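K.L.:
Would you mind keeping the following structure in view while I ask a few things?
Where a number appears in this text, it was derived from the coordinates with a stated rule and is not lab data. Treat the numbers as computed from the prediction; the structure is a model and nothing was measured. Positions of Cβ are backbone-derived with ideal geometry, glycine not excepted, and every protein chain shown enters the neighbour counts.
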Amino acid sequence: MTSPRFAYVAHCLMNANAKVDEWAPCAGVHPGLFGLLREKGYTIRQMPCPELAFAGLNRFWQVRQQYDTPAYRRHCAALAEPVAELIHLDLKEPDAEVVLIGVDGSPTMGVRFTSSGPDWGGRPDKPGDFDSDVVSGKGIFVEILLEKLAALGVAAPRASAMTTDMPDGDEATALADIGATLDGPVR
């Protein structure tokens, strides 16, 4: 019998319609990612989209500094709590594996990289011109989720990310990295 495998996936990778206008990389589900997850035998769990739930469909693209407020952190904590509990339960199954798939460059779902623009104060004045910086670090939701897991005594799961929110994001490279993460050692 195969060990149970669970992939916790950023909401927008399963529903591109949740993305900010002009930023959807595909219509609906990201086909390359989901083909890979199915091929590797992962049960797919969709995480919530904190940005959509907080600011709605008509929001504009923002950087981490704009979202990094007490109200948004409380919002992310409330959404991360049930996700952390479910990961904790999934890992109670014998030999279970959990991976986290985020979106690098996202202020909320970044795994290795997030967006930064310390001088941003409102809606960007150049539609489609994302002139923020991409810096090392986790998005706010991912950071809070990992804190909640640690509080439950759960080690951080293996994690990777699509790079569709990065200026030089390359789908093939991202999928290769995700594939290596999916095949990585169990923690």
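Residue-wise test of (1) of a type in the set (A, V, I, L, M, F, W, C); (2) on the phi > 0 side of the Ramachandran plot; (3) surrounded by 17 or more Cβ atoms within 10 Å (Cβ to Cβ).
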| site | (1), (2), (3) |
| --- | --- |
| 41 | no, yes, no |
| 49 | yes, no, yes |
| 82 | no, no, no |
| 109 | yes, no, yes |
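K.L.:
Another question about this same structure. Answer with yes or no whether residue 152 is surrounded by 18 or more Cβ atoms within 10 Å (Cβ to Cβ), over 15 Å from the mean Cα position of the chain (by Cα) and among the aliphatic types (A, V, I, L, M).
P.N.:
No, not satisfied.
K.L.:
Only residues that are assigned to a helix (DSSP H, G or I) and either in contact with a Pro (Cβ under 9 Å, 6 or more places away or on another chain) or surrounded by 20 or more Cβ atoms within 10 Å (Cβ to Cβ) (or both): list them for the stretch 61-77, please.
P.N.:
64, 65, 66, 67, 72, 75, 76
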